[in-house]
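No lab work stands behind these numbers, since they all come straight from the coordinates. Quantities reported herein were computed from a predicted structural model and do not represent experimental measurements. We place every Cβ from the backbone using ideal geometry, glycine too, and count neighbours over all the protein chains shown.
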Amino acid sequence: MTTVPAPRPRRWRVLRAFLRNPAGVVSLSFLILVAALALGAPHLYPDDPMEMVARPFLWPGQNPAFPLGTDSLGRDVAAGLVWGTRVSLLVGFSAMILGVTLGLAIGAVAGYFGGRVDAALVKLIEIFQTPPSFVLLIVLVAIAQPAIPTVIGAIALVTWPTIARIVRSEFRSLREKDFVMAARGLGYGHARIILSEILPNALPPVIVTASVLVATAILMESALSFLGLGDPNLVSWGSMIGGGRELLRTAWYLSAIPGFAIVLTVLALNLLGDALNDALNPRVAAER
Amino acid sequence: MTRAARLLAALRRNLLAAIPTALGIVILNFFLLQLAPGDAADVMAAESGAATEETMRQLRAQLGLDLPLLSQLMAYLGHLAQGSLGFSPRYNMPVAELILQRLPGTLMLMGFALGLAFLLGLFFGTVMALNAGRIADRALSVLTLIFYSVPGFWIGLMLIVAFSIKLGWLPSGGSETIASGKTGLDYALDRLRHMILPGTTLALFFIAVYARLTRAAVMEVAQQDFVRTARAKGLSAFAVGRRHVLRNALLPVTTLAGMHIGGILGGAVVAETVFSWPGLGRLAFEAVMRRDYNVLLGVLLLSSLLVIVVNILVDLLHAWLDPRIDLR
Amino acid sequence: MVGTEPLLRIDGLTVAFPGETAVRDLSLAVEAGQTVAIVGESGSGKSMTALALMRLLPRSARITGGSARFAGRDLMALDEGAMRRVRGREIAMIFQEPMTSLNPVHTIGAQVAEVLRLHEGLGRAAARKRAIELLDLVRIADPARRVDDYPHQLSGGMRQRVMIAIAVACGPKLLIADEPTTALDVTIQAQVLDLLDRLRRDLSMGLLLITHDLGIVGQWADRVVVMYAGRKVEEGPPGALLEAPLHPYTAGLLGASPRKAEGLGYREARLAEIPGSISSARGEAGCAFAPRCRHAIASCRAAPPPPLVAHADGRMVACPVLAGSGAPS
């Protein structure tokens, strides 16, 4: 008896295709820079960003020591921005990993086993997907009390159904393929077939969605912090915008600057998603 | 099959599928309410001031809070069946009444945003598809991608800075000029002026969603054989586009548009909060700030049911638009 | 034919895609009430000729030369507005895929009525009444009820009848049928071709029948044009052409056409006897068919390709090898 090898995406071809896409490369470079800022925050701005360091309401460019100005309490906006990067990226990536893990597990089981298990899990997915996700998010955070881990968990809880749906439909079509039939014929266990035969082939759409999910999580975290439902002990982009909200008339830069940070980061993640999609699905890309 | 029969079949199918989902959401809601810190007795005790252990215990027994979980769930379902979502001491009125009071504001804002997003999205998407690969397509692609990436609350604030503070053209909050004494057309225009900024804030993300969907759908339909047939009839490009291309492209766009209703409701929380718009979203925010979990979960339940209802309507619309949908 | 202008006279038509010429220097004529068949494999340029006549070529294609005189005008020189008044009214076209050629979201009645309202200026009720008559004309049973059906409720053959009803709705002078029966069951093919033939006679239309199937040409065509790689390689009346083909390609098509094996699907045996494919014609100097031709000699591969030469009985052929020695063995 011979094994039918599972087709795998040719990694080098994918990488080459990705590198040929300028938008994707620029986005990835920008995100690496943002990640470096997040890691380097304690070195760049060793002091607590919540500390008063200068005269309040310095406009950007007014004082070269504080290029982005200071807020109503004399805190350095640039320091807040750099420290806020940590919160955004931490929440964005952790929530994505948690959400993808949950979605993969549930979607894989539903799609692979089918039948009643599938019907029940699809209902579960639907129950979680029906409530407006931001309203459900607020409820979860309000009940669990605002802090970084609860925010991460809550975002994962409202985003996993997206991944689960994709994984389920991939598994449903892949489980009928020859190489899976062959693995079954060889007497492989369910866990082995799911993990090493089907999963690698179901990953490309998950990877694309994951990068968009990081963007969604960052947007959700910033909106929560803006509403005052973020971690009260940490500076985040959303809380900086919320803090500047009452001062729009006199110091709109306080809200504008962190907003640009969010827009650029989220834009980069969405462009990265598009570029990954083009690299992983060359047929679709050619039609565009 | 006639249109009416198609619609009835779709309605029956949808209602049957919606019932277990709605029930699931009610149960989820109940458990979330259980998880919320404090119970109704705590709330009442806090309202009335001092309360002893003894009175608390009596109160709990009276409210049925000492019963097993399952009995409590049954009681909750029973209350729901009578249209009761509990009482809000903070607002001093039944939660259901409070929510129904705020619902029209949200529906109006949603309707405005949805209409704007649908029209602009359809327009942008069509322009992009017709100019695929050319400069107009690229420019609009960048624009929609930016719309896609901008946080709603932030663009709301920036619109206030630009159009209320700097230019002074539009009001920065509320749903009407208070005590203006306006009537008739003036009143309607006043409401509309208040709706433009929050509505645009809410619509922006969905303009991007619909534009991308429409672009893909129009490009897909435009290469179908029946479009060539339409051109061979001697129809003008406009007539071909409207009666044949757009009409068919609407099918996938409406289906997917329905999937974003929940997103719009979620976005309404942010937009209503930024613009002090008296609706469900702002009510949810206030409920969080006041730790009024009855109200908060009432909003969650009602907005979920609203999503279910809208999805049924979208499906009916789909059955109306697509003759190939048949009985199942 | 002296003195009278034919209904359609194509002269030197050339259609080019970037890097490829789909139709090269094509000339042919269609008389009123006559059926002219254009025969060739896919890729021979026959469908592009049809689309060029309708001026419905894909965006990347260009008409780089030639004229098509139709009812006193050159179709290739008309502006888009004037061309729209020709399409569907004076020249109509039906396509290969009846399953996808009708709009799925409109009733068939509405799709027939659309062309009547456009060109005849009929009102809603009058157009519907006329649509029912047309459905009856193309032999759709119970047309008053069928008029409100959607395309997915009809079989392929029925849908092609609806397409024909749309095409003849405004009484066109010329009907172009691009492989009208290829997608249909063999039993339905003859019915649809009979219908087209009857309508041609009753409405005295010219019919330009485009097909890859020489088997159907003998019965229905008055004149046959064989195309290969964008060029006309042979033309003549079907009797003589089928009896004694003068071009090896025509002979190959005939050999492949299972006329003797009645009842067999035409598509199964098609072209099995001509080795190679039409793509080998790309970039070839000399005769495009030479790489696949059993009779090719050295001069066939030298540029320029052999010219069309007139023979007896109104026949033309672009092959000096066989035409000189009579029919191929």
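Here is how the numbers come out for the structure above:
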read-out	value
Vicinal HN-Hα couplings computed from phi for the range B:297-313 (Karplus, 6.51 cos²θ - 1.76 cosθ + 1.60; Hz; Gly/Pro x)	6, x, 5, 4, 5, 5, 5, 5, 5, 4, 4, 4, 4, 4, 5, 5, 4
Proximal lysines to B:LYS166, defined as alpha-carbon separation beneath 28 angstrom and excluding residues fewer than eight positions away on the same chain	B:LYS182
Least to most buried among B:SER304, B:SER149, A:SER29, A:SER94 (fewest other Cβ within 10 Å first)	A:SER29, A:SER94, B:SER149, B:SER304
Average partner coverage of A:253-259, which counts Cβ from other chains inside 10 Å	3
Cβ charges +1 (Lys, Arg) and -1 (Asp, Glu), total dipole of chain C, debye	540 debye
Residues with amide H under 5 Å from that of C:ILE176, placed H, sequence gap 5 or more	C:ALA92, C:MET93, C:ILE94, C:LEU208
Per-peptide average of other Cβ atoms within 10 Å, ordering B:159-170, B:217-228 highest first	B:217-228, B:159-170
Unit Cα scatterers, Debye sum, the protein assembly as shown: log10 I(q)/I(0) for q = 0.08, 0.09 Å⁻¹	-0.94, -1.08
Residue mean of other protein chain beta carbons inside 10 Å, B:279-289	3
Within the range A:164-264, GluC sites (Glu not before Pro) in DSSP loop having at most 10 other beta-carbon neighbours inside 10 Å	A:GLU176
Integer Hz, Karplus 6.51/-1.76/1.60 couplings in order for the range A:156-169, x for Gly and Pro	4, 5, 8, 9, 4, x, 4, 5, 4, 4, 5, 4, 4, 5
For A:PHE171, B:PHE147, A:PHE18, order by how many other beta-carbon atoms lie within 10 Å, fewest first	A:PHE18, B:PHE147, A:PHE171
Cross-link reach list, lysines versus C:LYS173, counting only Cα pairs under 17 Å and skipping chain neighbours closer than eight places	B:LYS233
For chain A, with +1 on Lys and Arg beta carbons and -1 on Asp and Glu, the positive-most of A:PHE260, A:LEU104, A:ILE194 along the dipole	A:ILE194
Separation between Cα centres of the range C:20-80 and the range A:227-249, rounded to whole Å	68 Å
Distance (nanometres) between label positions extended 7 Å along Cα→Cβ at A:ALA147 and A:ILE207	3.6 nm
Separation between Cα centres of the range A:118-180 and the range C:183-254, rounded to whole Å	61 Å
Within chain A: Cβ-based charge dipole about Cα centre, in debye rounded to nearest 20 (Lys, Arg +1; Asp, Glu -1)	1100 debye
Neighbouring partner chain Cβ atoms per residue of B:152-159, average, 10 Å criterion	6
Mean Cβ neighbour count within 10 Å, used as a protection proxy, ranking B:206-214, C:97-105 highest first	B:206-214, C:97-105
Within chain B: Cβ-based charge dipole about Cα centre, in debye rounded to nearest 20 (Lys, Arg +1; Asp, Glu -1)	1720 debye
Dipole of the protein assembly as shown, positive end: most advanced residue of B:MET110, B:LEU11, A:PRO146 [Cβ charges, Cα centre]	B:LEU11
Pairwise centroid distance, computed over Cα atoms, of the range B:137-197 with the range B:236-287, Å	17 Å
5 angstrom amide H check on A:GLN62, placed H, neighbours 5+ away	none
Residues C:LEU135, B:LEU120, B:LEU280, A:LEU102 arranged by fewest to most Cβ contacts within 10 Å	A:LEU102, B:LEU120, C:LEU135, B:LEU280
Local electrostatic count at C:HIS247 - Lys and Arg +1, Asp and Glu -1, tallied over other residues with Cβ under 13 Å	+3
Positive dipole terminus of the protein assembly as shown, leading residue within B:LEU306, A:ILE218, A:ASN277 (C-beta point charges)	A:ASN277
Calculated FRET value between A:ASN63 and B:LEU192, using beta carbons and R₀ = 56 Å, to 0.05	0.80
5 angstrom amide H check on C:ILE38, placed H, neighbours 5+ away	C:LEU209, C:ILE210, C:THR211, C:VAL225
